[in-house]
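One structure is given below, encoded as structure tokens.
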Amino acid sequence: MRVLINHLTRMHGGHICVAGVDLDSRRHVRPVLQHDSVPAELLSRYGGPFDMARIVELGNVRPTPNPPHVEDQVFVPSWAKVERTVSTHEFWNLLHETSRSTLREIFGTGLRAIGGSRLGTDLGKGEASLGCLRLCRPAQLYLRTRPNGAQQIRIKLDDGELRADSGVTDLRLYGPDHATPDAAIVRGVAKWIADSKGVILGVGLTRKFRPSDDADYYHWLQVNNIHLQEDPVWQLA
């Protein structure tokens, strides 16, 4: 399976989430391991195959759909081979081709507001967990300071039907530890968003998560990556 990588996100504990578009079906695919999360060592900066806008041949894969994460495909890391990095024009065209203008076009009618401006789906619900959202209205990228002093990257967006204030897990906005936001980069990207002629967001639904022991589990909306028309091929390496 040949996949063009367009989602590259941070996770806790030295792991990442990577996804892309199957070049044959034009559907999103998330390479996963059988019994563990994908380690950060598979990023290109550490000699691995994965980086933004790369075509990666995954070899034989095995689908393991579990709604809403219907895109999961188990792969063997040693079989993953880099074919090439695509051009700016080619990458943007594919992003535009596979993008949608509303969140419900991507995730289905089960996506809803849960406690104010946060969006999500109930457990096991949703038609997809990955997609690309073509922004038609300005979005605001910002840093929020939590009560414990830690900073969190967030974005306010409006697709004309739903409004959201969501966390941003774009790996390129974090420092070398993949956990600490790089404030200078965040400020720069916020300005680029405001000035850009075209913005497409890689969006996704989390695995089940609850913010506290007495809260319910949901699959929460997050923004996985920010793609700007002027420089969509922005890589880690």
- line: Exactly one of G198, G124, G131 is touching a residue at least 12 places away in the same chain (Cβ under 8 Å), crowded, with 17+ Cβ neighbours inside 10 Å and not assigned by TED's automatic domain parsing to the domain that holds F50, and that residue is G131
- line: Over the stretch 134-162, the set of residues touching a residue at least 60 places away in the same chain (Cβ under 8 Å) and either exposed (fewer than 14 other Cβ atoms within 10 Å of the Cβ) or polar (S, T, N, Q) (or both) is none
- prompt: Would a scan of the stretch 190-206 turn up a residue that is of a type in the set (D, E, K, R) and within 16 Å of A113 (Cα to Cα)?
  reply: no
- line: Scanning the stretch 209-237 for residues that are surrounded by fewer than 21 Cβ atoms within 10 Å (Cβ to Cβ) and among the aliphatic types (A, V, I, L, M), the one modelled with the highest pLDDT turns out to be L228
task: Taking the options R137, R144, name whichever one is assigned by TED's automatic domain parsing to the domain that holds A184, closer than 18 Å to R104 by Cβ and more than 17 Å from the chain's Cα centre (by Cα).
output: R137
- request: Just one of (1) in contact (Cβ under 8 Å) with a residue 60 or more places away in the chain; (2) out of contact with any strand residue (DSSP E or B) (no Cβ under 6 Å at 6 or more places or on another chain) trips up A215, so point out which.
  value: (1)
- request: Name the residue, out of L205, L171, that is surrounded by 15 or more Cβ atoms within 10 Å (Cβ to Cβ), in contact with a Lys or Arg (Cβ under 7 Å, 6 or more places away or on another chain) and either small (G, A, S) or closer than 23 Å to L130 by Cα (or both).
  value: L171
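The values are calculated or read from the model by the stated rules, or taken from the named source; none is laboratory data. Model, not experiment: these values are computed from the prediction. Here the Cβ is made from the backbone with ideal geometry for all residues, glycine too, and neighbour counts use every protein chain on show.
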